[in-house]
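What follows is a single structure, written as C-alpha cells, with notes after it.
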Amino acid sequence: MIIEHALPTSLCRRGQPLRVLIVGAGGNGSAMLLGLPYLHQAMKVWGHAGGLHVMLADGDQVSETNCVRQPFAAADVGLNKAVVLINRVNLFWGLRWQAYPEHFHKDSLKNHSTGPHLVIGCVDTRAARQAILSAVTRANDSTVYWLDLGNNASSGQFVLGQPLNAANRRSAVRLRTVAELYPEIVDAEAGEDPLPSCSAAEALERQEPFINQVLATSALAMLARLFHYGTLTHHGAFYNAQTGRMAALPVDPRMWERMRRRDRRRTRSPNILSDQGVHLESIPR
C-alpha cells in the first residue's frame with residue numbers, strides 16, 4: 001500500500017513567503033541555492049504569491065580549491081561564501097534573499113525573530129549535523145521540515161523529515177528525520193573524516209564533480225511536488241554515481257519502526273555510514 005505524506009496546513013498560506021534557511025554554502029548548499037529561484041517562480045505561478053524567502057548561512061571564505069567544483073570564480077577567493085552567492089542570486093533574479101556570514105550553531109535559530117519553515121542542511125561533519133538537530137528540536141522551535149543533503153566520494157543522499165518541536169508533535173505518520181533514521185550521522189564522538197584537500201586534483205579524487213548537482217536537483221524536484229500537489233510518497237533518496245542507481249526512501253511508518261529496532265540492536269559500524277553520506281547498503285529492503 002502506498003502511503004502519502006500531506007503538506008501541513010500551516011504551510012498552505014498562499015500569501016506569505018515560505019522561509020527557507022540553507023546551512024552551508026559548499027557543493028550541496030550552492031547547488032540548492034542556485035536551484036531555489038526556479039522553485040520560487042514556480043510556486044508563484046501555482047498560486048503561492050509569496051513564493052520563497054531564502055537565507056544562506058556559512059562562515060567560510062572562498063578558497064582556490066572551491067573554484068574547481070563549486071560556483072566560485074578566482075575573483076571570489078577570500079570573500080565569504082554566503083555573501084558572494086546571495087549577492088549573485090539577488091542581482092540576477094531581482095530578489096532580496098539574505099546572507100548570514102557566520103557558522104551555524106545550536107542557538108542560531110534563537111536569534112531569528114521569525115524562524116524558517118524549512119531548514120536545508122548541507123554540511124559535511126557529524127558535529128555540524130548535531131548543531132542543526134539541536135536547533136530544530138528545541139521545544140519552542142517552529143521549523144516544520146529539516147532537509148538533509150550529504151555525500152561522500154561517489155554516493156549521497158537527501159532526507160526530508162519533521163523534527164520534534166513546537167511545529168511537529170509525535171505521530172506515527174510524522175516524517176522521520178535523517179538523525180532518527182541514521183543516528184550515527186549526528187554522533188560527533190565517532191570522529192570526522194579528514195579535512196578537504198587544498199589540492200584541486202586531490203579534491204576531485206575524493207569527490208566526483210557532479211554528485212552535488214544530482215542530489216540538489218532531485219531534492220528540489222521532491223520539494224516542488226510537495227508544494228505543488230501537497231503530498232509525497234517518498235521523503236528522500238540515495239544515489240550511487242558508480243552504478244547510476246537512485247533508490248527512493250518511501251513514506252512508510254513500518255519501515256521507520258524496523259529501522260529504529262535495527263539501530264537499537266546493532267553496534268556502530270563505520271562500513272555502513274560515513275559522516276558525509278549514507279550508503280545504499282543501509283536502506284531496508
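The values are calculated or read from the model by the stated rules, or taken from the named source; none is laboratory data. Quick caveat, the model's predicted, so the values are computed rather than measured. Please note: Cβ atoms are built from the backbone with ideal geometry, for glycine as well, and neighbour counts cover all protein chains shown. Ligands, DNA and RNA are excluded from the accessible area calculation, which covers all protein heavy atoms including side chains. Shrake-Rupley method; radii C 1.70, N 1.55, O 1.52, S 1.80 Å.
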Exercise. Which FRET efficiency, nearest 0.05, do Glu102 and Ala224 yield, Cβ-Cβ r, R0 45 Å?
Worked result: 0.95
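Roughly speaking, to the nearest percent, how much of the chain's 1.4 Å accessible area is carbon and sulfur?
Whole-percent figure for carbon plus sulfur exposure: 53.
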Exercise. What number, in percent, do you get for the relative contact order of segment 1-149 if the mean sequence gap of Cα pairs under 8 Å and at least 6 apart is divided by its residue count?
Worked result: 26 percent
Seminar exercise, completed: Residues whose modelled amide H sits under 5 Å from the amide H of Val54, counting only those 5 or more places away in sequence or on another chain, are Val20, Gln98
Seminar exercise, completed: Per the helix-only model, the chain has a calculated mean residue ellipticity at 222 nm (DSSP H runs of ≥4, -39500 (n - 2.57) each, divided over all residues, rounded to the nearest 500) of -9500 deg cm²/dmol
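With the convex hull built on the Cα atoms of segment 1-102, state its orientation-averaged projected area in nm².
Projected area, direction-averaged: 8.3 nm².
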Seminar exercise, completed: Across Gly236, Gly24, Gly59, the residue with the highest GNM fluctuation in the chain (Cα network, 10 Å cutoff) is Gly59
Problem set entry | Given charges at Cβ of Lys, Arg, Asp, Glu: the chain dipole, positive-most of Met43, Gly230, Leu56 | Gly230
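Can you tell me the accessible area per residue over segment 25-85, all protein chains present, probe 1.4 angstrom, in square angstrom?
37 Å²
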Problem set entry | From the coordinates shown, Rg and Dmax of the Cα atoms in Å corresponds to which of [x] 18.0, 53; [y] 23.1, 72; [z] 17.1, 49 | [x]
Exercise. Taking amide H positions as placed 1.01 Å from N in the peptide plane, with prolines and chain starts having none, which residues 5 or more places from Ala25, or on another chain, fall under 5 Å of its amide H?
Worked result: none
Exercise. Where does each of Thr243, Thr114 land when they are ordered by accessible area, with a 1.4 Å probe and the largest first?
Worked result: Thr243, Thr114
Exercise. For segment 54-60, what does the Karplus curve 6.51 cos²θ - 1.76 cosθ + 1.60, with θ = phi - 60°, yield as ³J(HN,Hα) per residue in whole Hz, taken in order and with x for Gly and Pro?
Worked result: 10, 10, 10, 10, 6, x, 8
